[in-house]
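Q: Okay, handing you the structure first.
No value in this document is a laboratory result; all are computed from the given coordinates. Since the model is a prediction, treat every value here as computed from it, not as a measurement. Glycine gets a Cβ as well: all are built from the backbone with ideal geometry, and neighbour counts include every protein chain shown.
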Amino acid sequence: MRLPIPTGFGRLKARPPYAGPGQVIGLLGGSFNPPHAAHRMISEAALKRLGLDKVWWVVSPGNPLKQRVGTMPLSERMALCREVAKNPHIIVTDFEKDLQTPYTASTLAFLKARSPRVRFVWIMGADNLASFDRWQRWREIFTLMPVAVVDRPGWRLRALASKAARAFAPARVPEADAAGLALRPAPAWTFLSGPLSHLSSTALRNGHAAVRRSLPKCHNRENQP
């Protein structure tokens with residue numbers, strides 16, 4: 001059954017990157033606060049294993065499941081993302097700021113409506129799958145486009161035992177067949193194993209905050225006259 005297109009999309013000024021008919025585009029969304037090498041590792045694994053033409057980093061103006069205190073301005077996160085991406089097949093975009101909702105389901109519905117001849121794949125880490133049932137309209141996300149879940153340190157068992165994984169267990173595609181995931185009708189998802197990085201945005205933020213707190217006040221430019 002064709003999902004209804006949310007109202008108001010025709011009036012939006014959101015301008016995602018260009019994708020031609022038939023292209024296969026991976027979507028990695030998040031606050032990227034800050035971006036790090038694990039984001040690039042996940043993207044490059046998806047590019048190779050799924051046969052993608054590009055991966056778009058959809059940098060959110062704000063994650064509705066996370067506190068906004070400590071979130072860097074969107075412009076700073078965009079600049080850092082471009083520095084970290086370092087791959088011509090990874091495209092950094094902030095078009096989500098011009099949508100009327102912060103929720104992923106609406107973003108994906110917008111892309112599907114705007115570019116019906118492009119094949120999109122939603123990419124996320126195993127840590128996100130573990131709590132995916134907390135996302136707004138999470139079941140709808142699985143029915144909008146194929147989903148690729150990339151392993152993260154310490155999360156494999158929790159992710160595969162999650163409510164979302166169990167709910168869509170019949171739609172799981174063997175990892176050996178991941179190259180054809182984008183050609184399958186949704187719901188279809190796979191779990192990708194591979195090299196793991198222990199980097200996380202939360203750990204980096206906490207580390208930076210700890211270093212900042214440990215500095216003597218005379219070394220903090222904001223406290224100097």
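Q: Take the Cβ-Cβ distance between Ser193 and Ser131 as r, set R0 to 22 Å, and report the resulting FRET efficiency rounded to the nearest 0.05.
A: After rounding, the FRET efficiency stands at 0.60.
Q: Quick one: give the max-minus-min coordinate of the C-alpha atoms of region 17-148 along each principal axis, largest first, in Å.
A: 40, 33, 28
Q: Work out, step by step, the length gained on full extension between Glu76 and Ala169: first 0.36 nm times the residue separation, then minus their alpha carbon distance; give nm to one decimal.
A: Extra length from Glu76 to Ala169 when fully extended: 29.6 nm.
Q: Less than 18 Å from a label point 7 Å out along the Cα-to-Cβ axis of Asp53: which backbone N atoms in region 95-119 qualify, by residue?
A: The answer is 111-119.
Q: When Lys and Arg each count +1 and Asp and Glu each count -1, what net charge do the other residues less than 11 Å away from Gly22, Cβ to Cβ, add up to?
A: +1
Q: Can you list the trypsin sites (Lys or Arg not before Pro) in region 97-185 that are in a DSSP coil and have 15 or fewer other beta carbons within 10 angstrom?
A: Qualifying residues, ordered by number: Arg117, Arg137.
Q: So for each of 87-96, 30-39 I average, over its residues, the number of other beta carbons within 10 Å; can you give me the resulting order with the highest mean first?
A: Taking the mean over residues of other Cβ atoms within 10 Å, the ranking is 30-39, 87-96.
Q: Would you order Ser193, Ser75 from fewest to most other beta-carbon atoms within 10 Å of each residue's own beta-carbon? Could you put the intermediate results ahead of the total?
A: Numbers: Ser193 12, Ser75 9.
The fewest-first ordering by Cβ neighbours comes to Ser75, Ser193.
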